[in-house]
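K.L.:
Dumping the structure here so I can ask a few things about it.
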Amino acid sequence: MTILTLKLLISVLFFASTLVAVFTMFEVLGRKEKRFDTERLTRVHRVNGILFFFIFLALALMGMAYIAFTKEELSPRAAFHVMLAHGVLFLLIFKLATIKAYRQFYSRVPTLGVLIAFLALGTVASSAGYYALTMIPLSRVPAQTAAIREKGDGPQLPNALKGQELFQAQCSRCHDAASDTAPGNLGMKGILKGPALPVTGRPATAENIVLQLRTPYKGMPSFPHLTEAEVNDLITYMKGL
């Protein structure tokens, strides 16, 4: 299991904790006619808040570990994700300070809770939501491949332009195609012209690139949703780097 997959699973818990926090707050403070025991909901909200904080802390540490491992420049989406996470942390600290010490701001606590939930959901959507859409195989891909074969279309020759498009969509967030000295040995220029792949140390062959795409290694996820033709296109493009 890669760190990205683990972070995705923990993000599901973070998402659920956020929903529980919003539900309990709305039920306690937003309804005149109480449907549930207010004291019990308050306890649930408090315990869930502690759980929320520790899940947030775990995700933050995993994110920092990933950045430290890859040593890559943040993409615009990743930078937005980090800004949202900082917003969650700041508002959470402000909310706790208001509850414990600065009681004059206590009337703002529900608003702070809603803002924290909004930013937390945005944080999940900009990271785990993105990876869920790009990493989980789509069921229609095999069906489309089978439909093409039924039409009698022969195998297509590898296409470097399609490979370049795939590289930009799937790989460019972590890998630089124009450099062989990117931080963390993530530069891809001349990747198949040297003796070995930079991170794994395996021989620089197309077969080992395929192995890398199909099998997770440290911080790099696998890409099981790529078809054989797409993998061939990608390798054709990489041979020209």
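K.L.:
I'm trying to understand the selection: among the residues of segment 149-194, which are part of a loop (DSSP other than H, G, I, E, B), modelled with pLDDT of 70 or more, surrounded by 12 or more Cβ atoms within 10 Å (Cβ to Cβ) and of a type in the set (A, V, I, L, M)?
P.N.:
177, 188, 191, 192 - these are the residues of segment 149-194 that are part of a loop (DSSP other than H, G, I, E, B), modelled with pLDDT of 70 or more, surrounded by 12 or more Cβ atoms within 10 Å (Cβ to Cβ) and of a type in the set (A, V, I, L, M).
K.L.:
Only one of these conditions is not met by residue 8: (1) more than 17 Å from residue 89 (Cβ to Cβ); (2) free of Cβ contacts under 8 Å to residues at least 60 places away in the same chain; (3) of a type outside the set (Gly, Ala, Ser). Which number is it?
P.N.:
Every condition holds for residue 8 apart from (2).
K.L.:
The conditions are (1) in contact (Cβ under 8 Å) with a residue 24 or more places away in the chain; (2) within 18 Å of residue 84 (Cβ to Cβ); (3) surrounded by fewer than 19 Cβ atoms within 10 Å (Cβ to Cβ), and residue 57 fails exactly one of them. Which is it?
P.N.:
Unmet condition: (1).
K.L.:
Do we find a residue being in a helix (DSSP H, G or I), surrounded by 14 or more Cβ atoms within 10 Å (Cβ to Cβ) and either on the phi > 0 side of the Ramachandran plot or among the charged types (D, E, K, R) (or both) anywhere in segment 20-34?
P.N.:
yes
K.L.:
Restricting attention to segment 202-213, does a residue exist that is modelled with pLDDT under 75 and not aliphatic (A, V, I, L, M)? It would help to see each step written out before you state the result.
P.N.:
Pass one, segment 202-213, residues modelled with pLDDT under 75: none.
No, that holds for no residue.
K.L.:
Find the residue count for segment 195-241, including only residues that are under 18 Å from the mean Cα position of the chain (by Cα) and in a helix (DSSP H, G or I).
P.N.:
Counting residues in segment 195-241 that are under 18 Å from the mean Cα position of the chain (by Cα) and in a helix (DSSP H, G or I) gives 1.
K.L.:
Now for a separate question. Inside segment 20-51, can you point out the residues that are under 22 Å from residue 122 (Cα atoms) and in contact (Cβ under 8 Å) with a residue 60 or more places away in the chain?
P.N.:
Across segment 20-51, the qualifying residues are 21, 22, 25.
K.L.:
Moving to a separate point now. Filter segment 35-49 down to residues that are more than 34 Å from the chain's Cα centre (by Cα) and assigned to a helix (DSSP H, G or I) and give me whichever is surrounded by the most Cβ atoms within 10 Å (Cβ to Cβ).
P.N.:
In the first step, residues of segment 35-49 are kept if they are more than 34 Å from the chain's Cα centre (by Cα); the result is 35-40.
From the residues that got through so far, the ones that are assigned to a helix (DSSP H, G or I) too are 38-40.
Numbers: 38: 14, 39: 9, 40: 11.
This residue is 38.
K.L.:
For segment 2-32, which positions are touching a helix residue (DSSP H, G or I) at 6+ places or on another chain (Cβ under 8 Å) and among the polar types (S, T, N, Q)?
P.N.:
Hits for segment 2-32 are 5, 11, 17, 18, 24.
The values are calculated or read from the model by the stated rules, or taken from the named source; none is laboratory data. Owing to the predicted nature of the structure, the values given are computational and were not obtained by experimental measurement. Glycine also receives a Cβ, built like all others from the backbone with ideal geometry; neighbour counts cover every protein chain displayed.
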